[in-house]
1. Taking the stretch 54-67 as the search range and keeping residues that are surrounded by fewer than 20 Cβ atoms within 10 Å (Cβ to Cβ) and either touching a residue at least 40 places away in the same chain (Cβ under 8 Å) or acidic (Asp, Glu) (or both), which one is nearest to Thr16 (Cα to Cα)?
2. For the subset of the stretch 1-44 comprising residues that are modelled with pLDDT of 90 or more and in contact with an Asp or Glu (Cβ under 6 Å, 6 or more places away or on another chain), which member is nearest to Asn129 (Cα to Cα)?
3. Could you check, for the stretch 100-109, whether at least one of its residues is touching an Asp or Glu at 6+ places or on another chain (Cβ under 7 Å) and under 24 Å from Ala178 (Cα atoms)?
4. Output the residues belonging to the stretch 100-144 that are surrounded by 14 or more Cβ atoms within 10 Å (Cβ to Cβ), over 24 Å from Lys169 (Cα atoms) and without any contact (Cβ under 8 Å) to a residue 40 or more places away in the chain.
5. Might you check whether a residue that is within 30 Å of Asn186 (Cα to Cα), within 13 Å of the chain's Cα centre (by Cα), assigned to a helix (DSSP H, G or I) and modelled with pLDDT of 95 or more occurs anywhere in the stretch 137-157?
6. In the stretch 146-189, which residues are of a type in the set (Phe, Trp, Tyr) and farther than 19 Å from Leu135 by Cβ?
7. Give the number of residues within the stretch 98-118 that are modelled with pLDDT under 80, within 22 Å of Gly159 (Cβ to Cβ) and assigned to a helix (DSSP H, G or I).
8. Grab the strands (runs of 3 or more DSSP E) fully contained in the stretch 168-278, keeping just those with 3 or more residues being within 17 Å of the chain's Cα centre (by Cα) and closer than 18 Å to Ala124 by Cβ.
Amino acid sequence: MNIISSKQSSSLWNHTELYVKRCSNKRSYRIYIAVPGTPPPLAGYPVIYLLDANSVFGTMTEAMRLQSRRPEVTGVQPSIIVGVGYPSAEPFPAERHYDFTKTTPDNELPPHPAGGQWPEQGGADDFLNFIEEELQPYIRKNYMIDGMQQTIFGHSLGGLFVLHTLFNKPHLFSCYIAGSPSIHWNKHSLSASEQQFAKRIHQAPLPIRLLIAVGELEQSHKSGMFSNAKQLAARLEVQSEHGLHVKYKEFSGEGHISILPSLISRAIRFPLESTDFR
């Protein structure tokens, strides 16, 4: 991982920002890292890898900072937050389209709301390689972490990428959180990956936690995002005997963007919640 520059701040715990340029494809990232001010447990800190960090890194870090002060009460364990963002002032830069999606034929893409063309897409496998081969090793080398407690969080297209990661490399994380996942974007390729994932955990069960969440107001989304998420959760719930523990959550009164603060508050508790979801 080629680090171009870095800076540190104590405003949000011990806060570090890295500007990274990949040698393989020249893509650039802004990596945000927040480390608790308390000493790590013997096994190391849990880690949450957060996508779309330009928009939600501050929200998650503040939620973690406040709620992890008394973990015996809140159920929130002080954790390192690793946000993956971009060198942009935009909350949702166009580059995310490439990193979070598989290549999709033009006739299967959803219509652009402004009638224009979508940004470049199709880089999900390469972005996943970056996380596995460059970012995770850097975090393991430079921070005391618990390799058995690693979470990935994504929303919208980021939620789609979380599912892509689960289905293709489920061993990378112990906990997956997909908020309002844009399943409609890569529905056919994701379905094929889902079937392969089911076969894999039948042969070799894995202890994995998955939270799929949507906002109640997303029922009117033209893409079918709400029903796609609900149906996927129902299909995956039957895999509980193979180690996959699934929670499906609808947030009352929330839409596609307004869901984020509520989902983040739930997400930081989810890794330690009981697996009895009845």
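1. Checking each candidate, the answer is Gly58.
2. In this case the residue turns out to be Tyr32.
3. First, pick out the residues of the stretch 100-109 that are touching an Asp or Glu at 6+ places or on another chain (Cβ under 7 Å): none.
Among the residues of the stretch 100-109, not one is touching an Asp or Glu at 6+ places or on another chain (Cβ under 7 Å) and under 24 Å from Ala178 (Cα atoms), which makes the answer no.
4. Selection gives Trp118 alone.
5. Yes; the residues of the stretch 137-157 include at least one that is within 30 Å of Asn186 (Cα to Cα), within 13 Å of the chain's Cα centre (by Cα), assigned to a helix (DSSP H, G or I) and modelled with pLDDT of 95 or more.
6. Answer for the stretch 146-189, where residues must be of a type in the set (Phe, Trp, Tyr) and farther than 19 Å from Leu135 by Cβ: Phe167, Trp185.
7. 1
8. Details: elements: 175-179, 208-215, 244-251.
So the answer is 175-179.
The values are calculated or read from the model by the stated rules, or taken from the named source; none is laboratory data. Predicted model only: the values in this text are computed from it and were never measured. Heads up, the Cβs are rebuilt from the backbone with ideal geometry, glycines too, and the neighbour counts pull from every protein chain shown.
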